[in-house]
Each structure stands twice: as C-alpha cells, then as structure tokens.
Amino acid sequence: MAEEPSPADVEAGLLAHLNSAGEVPDSRSFASSLGVSHLELEGVIKSLSAFRIVDSTDIIKETWVLTDEAKGYAVKGSPEAQLVAAIPPDGASKDALKAKLGDAFDVGMKAAARNKWIGFEKGNKDLVLRKVENVKDELQEQLKRLENGEVVPDKVIDDLKKRKLITKEKSIWYSLKKGPEFVVKRKTLATDVTTEHLRSGDWKGLEFKDYNYGAQGQPIAKGYVQPLMEVREAIENIFIMMGFTEMPTNNFVESRYSQFAGCKGPYIPNTACDCCFFASFWNFDALFQPQQHPARDSHDTFFLKAPAATRQLPEDYLEKVKQIHQSGGYGSKGYGYDWKRDEAEKNLLRTHTTAVSTRMLYKLAQEKPFAPKRYYSIDRVFRNEAVDRTHLAEFHQIEGLICDYGLTLGDLIGVLEDFFSSLGMSKLRFKPAYNPYTEPSMEIFSYHDGLKKWVEVGNSGMFRPEMLLPMGLPEGVNVIAWGLSLERPTMILYGIDNIRDLFGPKVDFNLIKSNPLCRLGL
Ligand code: PHE
C-alpha cells in the first residue's frame with residue numbers, strides 16, 4: 001500500500017496546486033484527489049490561513065452520511081442482493097440462508113420479496129426460490145455514490161431515510177485562494193538559537209520568527225483582592241493623605257470572656273470587661289441616644305446572650321452620662337427620663353463605628369493637655385435587618401472625625417468636599433438630617449454621572465455638646481464627623497447591583513479574579 005502523505009507533503013501539494021490553478025473550489029474533493037482525509041487537509045489549511053498564505057472561505061453543507069449498517073451494504077451489497085446471490089438454482093432453505101446472511105437475512109427477505117426477486121414453491125414455505133437471473137443492486141450503487149459525495153435523486157434519499165440507512169450531518173469544507181503572503185514553499189522560521197546552530201554555524205543563514213508582542217500571557221496563579229478590600233485600601237490611603245490616624249476597631253466580636261490581647265480588665269468568668277465587648281453604653285448612651293430610642297430595640301440590634309452584660313464601665317463618666325440623659329447640664333435640658341444602668345450594660349454587636357469614635361474621644365478627653373486629632377476607621381458593623389438587594393445584616397462603615405477648637409459646619413463641608421472629590425465624587429449636596437448625637441446633621445448626596453441622578457453617599461454632623469462635655473473635652477472643642485458604608489461606593493464602582501454578589505457566601509470567585517487592576521474614579 002502506498003504510504004500516507006505527510007502534512008508537509010499535503011502542504012506542498014496544496015501550495016503547488018494553488019500556484020498553478022489559482023484556487024481550490026472545494027477542499028473535500030481536493031482532499032480525495034490527494035488521497036488524504038479532509039481532517040488532515042483541514043489542519044494544513046488552518047495553519048496556512050493563520051500566516052495568511054492562503055485565504056479560506058467556509059462552505060457549510062448539510063450532507064447525508066451512511067449509517068454503519070449502510071456502510072456494510074456499500075461494501076458487500078444490499079441485503080436483498082446478498083440474499084439472491086446466496087440462493088442456488090434449486091433454491092435454499094430459510095435456515096441455510098439465515099446462517100449465511102446473519103443479520104441481513106430478515107431485511108433481505110422482505111426487500112427481495114417486495115422486488116419480486118424471490119418466491120416459494122407451492123406447499124413448501126421453507127424453500128426459497130430465486131426468480132431472477134441477475135439482479136442490479138441499485139441500493140449498493142446509490143450508497144456508494146453518497147459515500148463519494150455525489151448527488152443522488154431526492155426520491156432515493158427518501159427511501160434511504162425510511163430504511164434508516166442515512167443520517168444528516170453538518171460539515172464544513174473550504175474554498176481556497178492564494179493569500180496576501182502566498183509562497184510556494186514556506187520557510188521554517190527559527191525560534192531559538194540552539195547549541196547545534198552555534199556549532200554548525202548555520203545560525204548565520206537562519207531567519208527568525210518575530211516576537212508576538214500581542215500574545216496573551218498565561219493568567220497568573222496568585223491571590224486576588226476582594227473588591228471591598230481594594231476600595232477599603234484606596235479610602236484608607238485618602239484618609240492617610242489627609243492626615244488621619246486609624247482607630248482600633250478590632251473588637252466587634254470577642255469570643256472569649258475578657259482577656260483579649262491587651263485587655264486591662266480583671267478576668268471574671270462569664271463577664272466581659274468593656275474593652276472586649278461593646279456595651280450599649282458606648283454604642284448608644286454615651287452618644288446621647290435615649291434608652292427608648294427605636295434603634296435600641298432587639299429588632300434593630302443584635303444583643304449578646306453570653307456574656308449579656310458589661311460590668312466594667314468608667315464610673316465617673318457613666319454618672320455624667322446618666323445626668324445628661326435624666327436632667328441635662330451644660331445648658332441642655334436632657335431627656336427627663338429615668339436612666340437605667342442595666343440597659344447601658346447590655347452587650348451588643350456594634351451597630352455603627354461611631355461606637356469606636358466615642359471610646360476614642362473619651363480616651364482623648366482624659367489626655368491633658370488637649371491635642372487636636374483626626375481619626376478614621378473602616379470596619380464591620382451589624383444590624384438586625386431583613387436581607388435584600390441592598391441590605392445585609394453585617395456591612396462595613398467608613399468613618400472620619402476631626403476634633404479641634406472652633407470647628408464649624410463650614411469646616412465639615414470643606415473636609416467632606418476634599419474627601420469625596422478624592423473618591424471621584426466632586427459634585428456634592430447636603431440635606432438637613434437628624435441624628436441623636438449630632439447637631440446640625442447633614443445627609444450627603446453626590447451626583448452620579450453613570451446613574452444620572454443624585455445618590456445618598458453618607459451622613460454627617462457636629463457631635464453635640466451633650467456628648468462631648470460629659471467626656472471631659474474642653475469647652476470650645478468641636479468634633480466634625482461623617483460616616484458612610486464601604487459597600488455602596490464599591491457597588492457603584494464595580495457596577496454591582498446586588499450586595500450579595502459583593503459580600504457573603506454567594507460571591508463568585510471568578511468575578512473577583514476578573515476584576516480590573518485599575519479603575520477610573522478610585
Ligand atoms: N453613625 C452614623 C450612621 O451609622 C454615621 C455618622 C457618623 C453620622 C458620624 C454622623 C457623624 O449612619
């Protein structure tokens with residue numbers, strides 16, 4: 001048998017043909033003229049097209065192909081012709097024919113009877129007689145023609161379909177022309193200088209393959225930063241550039257009773273000291289938030305079962321907070337209700353990072369002489385809320401505050417403009433608002449170019465004297481402060497509209513991996 005042509009031979013044959021004839025109208029018949037499968041020619045075409053040596057155009061055709069059964073008939077003849085050929089002049093018994101034809105027997109009997117090629121002797125249904133001398137095996141002919149890609153009449157196709165001898169298949173072949181880089185023989189370009197090249201000296205004559213600067217590198221196997229952490233870092237950098245110092249926020253949950261690293265409290269089993277947990281006191285009372293305030297309800301706040309209460313609170317300060325709630329002071333009338341220590345001792349998961357700001361301001365107030373401070377924090381807070389597209393029971397808050405003598409609302413607006421314009425939000429508007437701990441208070445809105453509307457981006461205000469003076473901060477010292485969630489700007493920046501795609505168990509790791517390294521805006 002002649003040896004199969006190698007891909008190099010196929011390539012040479014194709015290029016020589018294109019060189020002389022100028023085109024190949026149908027790659028399938030060209031493949032058979034070369035004596036190779038179409039698949040093999042296809043490989044060569046693909047490689048030549050990539051280098052624009054040939055131009056190929058797809059020809060998509062639906063063709064009828066033979067089933068395995070039909071392929072057998074194309075070789076051995078149709079079952080009816082096989083059957084007739086197997087009958088000797090005197091006839092043959094069914095059993096003998098069955099033994100000879102095997103699977104083809106039943107079909108062959110039926111078809112041969114239909115063609116009136118066979119008959120039976122009267123009274124002997126077992127002896128099959130031949131009624132024709134020679135049969136013309138049209139079925140075999142048609143199958144062979146189909147196999148060669150020739151056209152057969154529709155009527156034949158219908159018959160073959162009925163006999164389940166053919167199925168439809170989609171195939172692609174090509175028409176080919178010379179490409180812009182056409183050559184009769186491709187030069188093999190070297191990709192490397194090897195020791196062999198150097199030894200033999202043939203490197204001098206070599207032509208080298210160009211570097212492909214457009215090639216995509218392998219994706220790097222590395223860790224990827226969660227969008228929230230990425231935006232957190234960007235915001236942290238803005239705070240640091242503006243001269244702010246981070247507040248310690250690492251105690252939103254402490255799983256041991258007392259004694260976390262750095263805890264100063266005595267170890268009392270089942271009891272938390274106040275540096276390990278957030279007592280309502282720091283989250284609400286010290287912020288001049290009355291004990292009947294709806295946010296202090298268990299529907300809004302997660303309270304701890306164990307340890308349920310904080311025993312250690314700064315007694316002098318606690319007394320002053322009690323006074324300001326009950327009967328006022330420093331020019332305030334207070335709320336005029338019976339303040340309960342039990343309520344203030346209840347441990348909770350902090351509902352805002354302003355609880356941390358309160359602790360830090362209290363600490364600052366104890367340091368004499370007073371020194372102005374700029375503080376920020378970005379960390380987790382918890383609210384007992386129904387989860388939906390924009391709300392989770394835990395999220396992150398960004399908070400900034402400046403504590404100094406003589407600060408005004410104008411200072412607050414100026415700092416907010418600086419801060420938010422660094423975040424890419426330079427158009428700001430303010431709306432009067434209410435917080436128990438700030439007066440005046442302002443909601444912050446920014447014009448979103450993408451959404452073409454004003455969106456709320458944060459809340460702000462000047463801490464009330466009822467909050468600052470009981471701490472021991474000097475008269476005339478003001479605190480301007482603001483807070484916003486980390487999730488909201490991140491969702492806007494990353495075009496995410498469901499918070500659960502950003503945070504929590506439903507986050508898709510592929511989304512994190514495919515996030516761009518740099519974005520406009522932040
Ligand atoms: N604590 C406020 C909140 O949870 C944000 C805020 C911080 C408001 C500081 C005013 C001043 O939304």
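The values are calculated or read from the model by the stated rules, or taken from the named source; none is laboratory data. Remember, predicted model here, so these are calculated numbers, not experimental data. All Cβ positions, glycine included, derive from the backbone under ideal geometry; neighbour counts span all protein chains shown. The accessibility values were calculated without ligands, DNA or RNA, using every heavy atom of the protein model including side chains. Shrake-Rupley method; radii C 1.70, N 1.55, O 1.52, S 1.80 Å.
Please indicate, with yes or no, whether at least one residue in region 374-393 is touching a Cys at 6+ places or on another chain (Cβ under 9 Å) and in the same structural domain as residue 234 (by the TED database).
Looking for residues that are touching a Cys at 6+ places or on another chain (Cβ under 9 Å) and in the same structural domain as residue 234 (by the TED database), one finds at least one in region 374-393, hence yes.
Return yes or no: is residue 475 open to solvent by 50 Å² or more (accessible area, probe 1.4 Å) and not hydroxyl-bearing (Ser, Thr, Tyr)?
Considered against the rule, which asks whether it is open to solvent by 50 Å² or more (accessible area, probe 1.4 Å) and not hydroxyl-bearing (Ser, Thr, Tyr), residue 475 comes out as yes.
Among (1) modelled with pLDDT under 90; (2) more than 27 Å from residue 138 (Cα to Cα); (3) exposed (fewer than 14 other Cβ atoms within 10 Å of the Cβ), there is one condition residue 61 misses while meeting the rest; what is its number?
Failed condition: (2).
Quick one: residue 119 ticks every box in (1) assigned to a strand (DSSP E or B); (2) within 30 Å of residue 170 (Cα to Cα); (3) open to solvent by less than 40 Å² (accessible area, probe 1.4 Å) except a single one, so which number is it?
(2)
What number goes with the only condition from (1) at pLDDT 95 or above; (2) over 23 Å from residue 236 (Cβ atoms); (3) in a helix (DSSP H, G or I); (4) hydrophobic (A, V, I, L, M, F, W, C) that residue 416 does not pass?
(2)
I need the helices (runs of 4 or more DSSP H) fully contained in region 122-241, keeping only those with at least 2 residues that are surrounded by 10 or more Cβ atoms within 10 Å (Cβ to Cβ) and either in the same structural domain as residue 97 (by the TED database) or charged (D, E, K, R) (or both).
138-147, 154-162, 227-241
Are any residues in region 451-483 in contact with a Gly (Cβ under 8 Å, 6 or more places away or on another chain) and away from the ligand (no atom under 16 Å from the Cβ), and if so, which ones?
469, 470, 476
For residue 436, state whether it is in the same structural domain as residue 487 (by the TED database) and within 13 Å of the ligand (Cβ to nearest atom).
yes
Matching residues to (1) outside the structural domain of residue 30 (by the TED database); (2) of a type in the set (Asp, Glu); (3) touching a Lys or Arg at 6+ places or on another chain (Cβ under 6 Å):
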{"position": "40", "(1), (2), (3)": "no, yes, no"}
{"position": "44", "(1), (2), (3)": "no, no, no"}
{"position": "48", "(1), (2), (3)": "no, no, no"}
{"position": "52", "(1), (2), (3)": "no, no, no"}
{"position": "55", "(1), (2), (3)": "no, yes, yes"}
{"position": "77", "(1), (2), (3)": "yes, no, no"}
{"position": "81", "(1), (2), (3)": "yes, no, no"}
{"position": "85", "(1), (2), (3)": "yes, no, no"}
{"position": "88", "(1), (2), (3)": "yes, no, no"}
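Identify, please: which residue in region 1-26 is outside any helix (DSSP H, G or I) and open to solvent by less than 80 Å² (accessible area, probe 1.4 Å) and is, among those, modelled with the lowest pLDDT?
5
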